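One structure is given below, encoded as structure tokens.
The values are calculated or read from the model by the stated rules, or taken from the named source; none is laboratory data. Note that this is a predicted model, so its numbers are computed, not measured. Here the Cβ positions follow ideal geometry from the backbone for every residue, glycine too, while neighbour counts run over all protein chains shown. All accessible areas refer to the heavy atoms of the entire protein, side chains included, with ligands and DNA or RNA removed. Shrake-Rupley method; radii C 1.70, N 1.55, O 1.52, S 1.80 Å.
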Amino acid sequence: MMNNLLSGDLPRSRLLSAMLLAVLVGLALAPFLFHGARSLNVAATICVFIVLVASYDLLLGYTGIVSFAHTMFYGIGAYGVGLALHGMGPTWSAVLVGTSAALVVSLLLALVIGLFSLRVRAIFYAMITLAVAAAFAVLASQLSDYTGGEDGRTFKVPDLLQPGFHLLEGEFFGRALDGKLITYYLVFFSALALFLFMLRIVNSPFGRVLQAIRENDFRAEALGYRTVIYRTLANCLGALIATLAGVLMALWLRYVGPKTMLSFEVMTDILLIVVIGGMGTVYGAVIGSALFILMQNYLQVLMKEASAAMVGIPLLANLFHPDRWLLWLGVLFVLSVYFFPAGIVGKLRAGAQARSQRKP
């Protein structure tokens, strides 16, 4: 059953299996294991970024497409549902209308970009997507009457998802069964379903063709595969899944804004997570997202404690000052690339394969 659920793509490493299980259990039980708004927000962000990063890895890791427009589709999903809820009111019909409109817009944009741009060389395609994404971000900022401009828009969600809603009276394992909890599990189970869907895609015949195109597009073309069509389909799939990730993030934050949804910083975070986790491995999105977002949120706290413990050693105390957390985040990233050039998942799988081959 597990083999079918994972589409035959098992972790193939005991350590990787343990890490994936730890992330799954941690996210599934986060509301009951970790109390406080910050920890729950971190868990929800990890869920969304797993989907977002895996959808980008479908392009970069499995098809060899370098795109900088992924945050545009992410933002379209967030703005679609956010503006619909802001304009139509906190109803499920607004969520449906906003999500549907966002998916249609993302599909059309991905189709146009794919058909007109994927025929050019990789670097030119990357520049085209960067220009389109930048133009969309500027458009979202300037149409302030509709989008709220740089300040963005806040909105209400349906009653079922509001913190004031209580499914049952009292608490369950120390946690109130309120709208915030329901919203979290909506995000969690939606992310899990989308992740398993992407596993199915990359392990299907379609996914094998994408990997063949990544390895040698001329040979794939010679075998009879229309590489432009397959790349366009991959671009559309990645865009649609990124759009759904944006919808989930908007429902969780109850806010949409250009800095949160459309900034290039989000795109760089996606690239870093793909490299840390491992390109061409959907599981890399899980490990990379969990590690990166945990470091992004808690590295400064750990450094503050370390700096306080080293107060008697001024040089080390200053070196680990919490204001320098971005420096150490960069150092950790460089070290991860140096010791895990194929990503954490790639390294673990390669090590497990090497050990299995050495056994008699």
- Message: Looking at Gly288, Gly257, Gly278, Gly246 in this structure, which one is of a type outside the set (Phe, Trp, Tyr), at positive phi and in contact with a Gly (Cβ under 7 Å, 6 or more places away or on another chain)?
- Response: Gly278
- Message: Looking at the structure I just gave you, is Val266 out of contact with any strand residue (DSSP E or B) (no Cβ under 7 Å at 6 or more places or on another chain), closer than 30 Å to Gly64 by Cα, buried (at least 17 other Cβ atoms within 10 Å of the Cβ) and of a type in the set (Val, Ile, Thr)?
- Response: yes
- Message: So Leu115 passes all but one of these: (1) more than 30 Å from Leu29 (Cβ to Cβ); (2) surrounded by 13 or more Cβ atoms within 10 Å (Cβ to Cβ); (3) touching a Lys or Arg at 6+ places or on another chain (Cβ under 8 Å). Which condition number does it fail?
- Response: (3)
- Out of Val286, Val275, Val228, which single residue is among the hydrophobic types (A, V, I, L, M, F, W, C), within 20 Å of Leu210 (Cα to Cα) and open to solvent by less than 50 Å² (accessible area, probe 1.4 Å)? Val228
- Can you tell me how many residues in the range 9-49 are open to solvent by less than 70 Å² (accessible area, probe 1.4 Å), in contact with a helix residue (DSSP H, G or I) (Cβ under 9 Å, 6 or more places away or on another chain) and either touching a residue at least 24 places away in the same chain (Cβ under 8 Å) or not hydrophobic (A, V, I, L, M, F, W, C) (or both)? 23
- Return a yes/no flag: does the range 32-43 have any residue that is at pLDDT below 95, in contact with a Phe, Trp or Tyr (Cβ under 8 Å, 6 or more places away or on another chain), in a helix (DSSP H, G or I) and over 25 Å from Glu265 (Cβ atoms). yes
- Out of (1) free of Cβ contacts under 8 Å to residues at least 24 places away in the same chain; (2) of a type in the set (S, T, N, Q); (3) outside any helix (DSSP H, G or I), the odd one out for Ser100 is which? (3)
- Query: How many residues, within the range 66-104, are surrounded by fewer than 24 Cβ atoms within 10 Å (Cβ to Cβ), under 30 Å from Pro205 (Cβ atoms), at pLDDT below 95 and among the aliphatic types (A, V, I, L, M)?
  - Reply: 1
- Thr260 among the β-branched types (Val, Ile, Thr), assigned to a helix (DSSP H, G or I) and buried (at least 23 other Cβ atoms within 10 Å of the Cβ): no
- Among the candidates Leu109, Leu143, Leu161, single out the residue that is open to solvent by 60 Å² or more (accessible area, probe 1.4 Å) and of a type in the set (A, V, I, L, M). Leu143
- Within the bounds of the range 137-159, is there any residue that is of a type in the set (Asp, Glu) and touching a Lys or Arg at 6+ places or on another chain (Cβ under 9 Å)? yes
